[in-house]
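Read through the structure below, which is laid out as structure tokens, and then see the notes.
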Amino acid sequence: GESVGLHLPTLSVQEGDNSIINCAYSNSASDYFIWYKQESGKGPQFIIDIRSNMDKRQGQRVTVLLNKTVKHLSLQIAATQPGDSAVYFCAENVGTAGNKLTFGGGTRVLVKP
Amino acid sequence: DAGVTQSPTHLIKTRGQQVTLRCSPISGHKSVSWYQQVLGQGPQFIFQYYEKEERGRGNFPDRFSARQFPNYSSELNVNALLLGDSALYLCASSFGLNTEAFFGQGTRLTVV
């Protein structure tokens, strides 16, 4: 079946630097994409989302970029902080299918002091 | 405001037993979805309920069932438990059928 995948399983970043997490998706019908952050022992926490009619969306310290041509999604975290250490998942959804999110395998971000 | 609440937080069951997990969505949310997260992997979709009707089902055996009550809370039932059912079971609520989904803390199920 079609799925969402990630390029890097682990990302180590120095505190204060910017982080970029990448994600590839294969379902061309997907029209809604979400980034979640999951800390140990907790459920996924919504970070930011983007719909397929947009290329870029910014939040507080985070930016999501969507390239539909190559089916690529990225999450940029500015000025990474120790509290950003977690596993990050991208998820995709086909609009007509309800909230049937397809998650990737996750990228662990480790922030070094 | 309370977020999505799930109970119990942890559970240990024996192979062959049955388990019921519970979820209360955010107030005002009408949709509840269930996901299974095996250690080291991303969550996998099991069910979505909206307005008390099943609106989506993932690739899980018939041992898995769910329902949604008039107050929009939901239960996930798993019969004839297998060791491979050990996972974190996550509930997500959303206002509509295809709107932002918020996850609970999950129920950690261990089957021994």
Checklist outcome for this item: Dipole check, segment A:4-112, charges on Cβ (K,R +1; D,E -1), about Cα centroid: among A:I21, A:N99, A:L75 the Cα furthest to the positive pole belongs to A:N99
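Pairwise over distinct Cα atoms, reciprocal of the mean inverse distance: report the Kirkwood radius of segment A:4-112 in Å, one decimal place.
Details: mean 1/r = 0.0722 Å⁻¹.
Taking the inverse mean of 1/r over all distinct Cα pairs, segment A:4-112 comes out at 13.8 Å.
What is the magnitude of the charge dipole of segment B:5-111 about its Cα centre, with +1 placed on the Cβ of each Lys and Arg, -1 on the Cβ of each Asp and Glu, and no other charges, expressed in debye to the nearest 20?
Values: 10 positive and 7 negative charges, 45 e Å.
In debye, rounded to 20, segment B:5-111 gives about 220.
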Checklist entry - Of A:K42/A:K112; A:K42/B:K52; A:K42/A:K71; A:K68/A:K100; A:K37/A:K112, which pairs sit farther than 25 Å apart, going by alpha carbon to alpha carbon? => result A:K42/B:K52; A:K42/A:K71
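Using a probe of 1.4 angstrom, how much of the accessible area of segment B:5-111 is carbon and sulfur, in percent?
Details: 2470 of 4940 Å².
Carbon and sulfur together cover 50 percent of it.
What's the average, rounded to a whole number, of partner chain beta-carbon atoms within 10 Å of each residue's beta-carbon in B:36-47?
Values: counts 0, 6, 0, 0, 4, 5, 17, 10, 3, 9, 1, 1.
So the per-residue partner count for this stretch is 5.
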Next on the checklist: Give me a comma-separated list of calculated 3J(HN,Hα) values for segment A:104-113, in order, Karplus coefficients 6.51, -1.76, 1.60 applied at θ = phi - 60°, integers in Hz, x for any Gly or Pro.
Outcome noted: x, x, x, 10, 8, 9, 10, 9, 8, x
Checklist outcome for this item: Mean accessible area per residue over chain B (1.4 angstrom probe, all protein chains present, square angstrom) is 48 Å²
Checklist outcome for this item: The computed P(r) of the protein assembly as shown puts the percent of Cα pairs beyond 31 Å at 20 percent
Checklist outcome for this item: So, relative contact order of segment B:15-73 in percent, Cα under 8 Å, 6 or more apart, is 30 percent
Checklist entry - Each residue of segment B:23-29 in order: what ³J(HN,Hα) in whole Hz does its phi give by Karplus 6.51 cos²θ - 1.76 cosθ + 1.60, θ = phi - 60°, with x for Gly and Pro? => result 9, 10, x, 4, 4, x, 7
Item to check | Test item: B:85-94 mean partner chain Cβ contacts at 10 Å | outcome: 2
Checklist entry - In nm, what is the difference between 0.36 nm times the number of residues separating A:Q60 and A:E15 and their Cα-Cα distance? => result 14.5 nm
Checklist entry - Averaged per residue, what accessible surface does segment A:4-112 expose to a 1.4 Å probe, in Å²? => result 46 Å²
Checklist entry - With a 1.4 Å probe, how much accessible area is buried between chains B and A, both sides summed, in Å² to the nearest hundred? => result 1600 Å²
Checklist entry - Size of the dipole of the protein assembly as shown about the Cα centre, Lys and Arg at +1 and Asp and Glu at -1 on the beta carbon, nothing else charged, in debye to 20? => result 240 debye
Item to check | Average beta carbon contacts from partner chains per residue of A:37-49, 10 Å cutoff | outcome: 4
Next on the checklist: Modelling each spin label as a point 7 Å along the Cα-to-Cβ direction, I'd like the B:H10/B:L83 distance in nm, to one decimal.
Outcome noted: 2.1 nm
Checklist entry - What residues have an amide H closer than 5 Å to that of A:N27, excluding those fewer than 5 places away on the same chain, when H is modeled at 1.01 Å from N in the peptide plane? => result A:S3
Item to check | Selection from B:L88, B:T110, B:F45, by position along the positive dipole direction of chain B (Cβ) | outcome: B:T110
Checklist outcome for this item: Karplus ³J(HN,Hα) for segment B:77-89 (6.51 cos²θ - 1.76 cosθ + 1.60, θ = phi - 60°; Hz, whole; x = Gly/Pro) runs 10, 10, 9, 6, 4, 10, 4, x, 7, 5, 5, 8, 9
Item to check | Over 19 Å [Cα-Cα, segment B:5-111], rounded percent | outcome: 36 percent
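The values are calculated or read from the model by the stated rules, or taken from the named source; none is laboratory data. Please read these numbers as outputs of a predicted model, since none were measured by experiment. Virtual Cβ from ideal backbone geometry, glycine too; neighbours counted across all protein chains shown. Side chains are part of the model used for accessible areas, which takes the heavy atoms of the whole protein and leaves out ligands, DNA and RNA. Shrake-Rupley method; radii C 1.70, N 1.55, O 1.52, S 1.80 Å.
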